[in-house]
Amino acid sequence: MNVRYLSVISLGKILGKSKKPRDILERIPADIDKRDRSLLTEIVYGVIRYRDYLDWIIRHFLKNPSNLSQHTINNLRTSIYQIKYMRIPEWAVVNEAVNTEKLLKGKPGLVNAVLRNFLRHKDNIVPSEDNKLEYISIT
């Protein structure tokens, strides 16, 4: 079972339908490996914790992210979270994100382009402390 796919689907239920993370994660099939379950939990809770910051980053690469499906947005969120906060190789994150987007019948080309662009510019995307309200809200 694809952990990234499950994280995107789980986030859709949590963020889109106001379900509790614990309730959704408890419904994950029991035959999932313990390490995969831990990875899934880390990704889901991490995206929830940093959602505003991840969305702020995504807006740097998409003019109108609200036109995308919730699954595609969650796929981008999970991928950027993994790149920024986890020790997963960048190439693996991008590859899994594109494969997940194919499973979701979404926009794999767009996901690939956004993530590659993010990788090129990730060190330059830093919130400005000039706008105190925005800085505090996303950091």
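Among residues of the stretch 4-18 that are among the hydrophobic types (A, V, I, L, M, F, W, C), those with a Cβ under 6 angstrom from a residue that is modelled with pLDDT under 95 and surrounded by fewer than 21 Cβ atoms within 10 Å (Cβ to Cβ), sequence gap 6+ or separate chain, pair up as Ile14/Pro21; Ile14/Ile24. Here Ile83 clears all of (1) more than 23 Å from Ser18 (Cα to Cα); (2) assigned to a helix (DSSP H, G or I); (3) touching a residue at least 40 places away in the same chain (Cβ under 8 Å); (4) within 15 Å of the chain's Cα centre (by Cα) except the condition numbered (3). When Leu15, Leu76, Leu25, Leu54 are checked against the criterion of being farther than 25 Å from Leu133 by Cα, open to solvent by less than 80 Å² (accessible area, probe 1.4 Å) and assigned to a helix (DSSP H, G or I), Leu25 stands alone in meeting it. The residue of the stretch 57-73 that is nearest to the chain's Cα centre (by Cα), among those that are within 15 Å of Gly16 (Cβ to Cβ) and open to solvent by 80 Å² or more (accessible area, probe 1.4 Å), is Gln70.
Just for the stretch 97-114: of the residues that are open to solvent by less than 50 Å² (accessible area, probe 1.4 Å) and touching a residue at least 40 places away in the same chain (Cβ under 8 Å), which one is farthest from the chain's Cα centre (by Cα)? Only one residue tops the list, namely Leu104.
Of the listed requirements (1) over 17 Å from the mean Cα position of the chain (by Cα); (2) in a helix (DSSP H, G or I), Glu129 misses just one: (2). The single condition among (1) of a type in the set (A, V, I, L, M, F, W, C); (2) at pLDDT 95 or above; (3) not in a helix (DSSP H, G or I) that Val111 does not meet is (3). Checked against the criterion of being within 26 Å of Leu40 (Cβ to Cβ) and at pLDDT below 95, the candidates Ile83, Ile138 yield just one match: Ile138.
The values are calculated or read from the model by the stated rules, or taken from the named source; none is laboratory data. Bear in mind the structure is a predicted one, so any value in this text is a computation, not a measurement. With ideal geometry, Cβ positions are generated from the backbone for all residues, glycine too; neighbour counts draw on all protein chains shown. Surface areas here come from the heavy atoms of the whole protein model, side chains and all, with no ligands, DNA or RNA. Shrake-Rupley method; radii C 1.70, N 1.55, O 1.52, S 1.80 Å.
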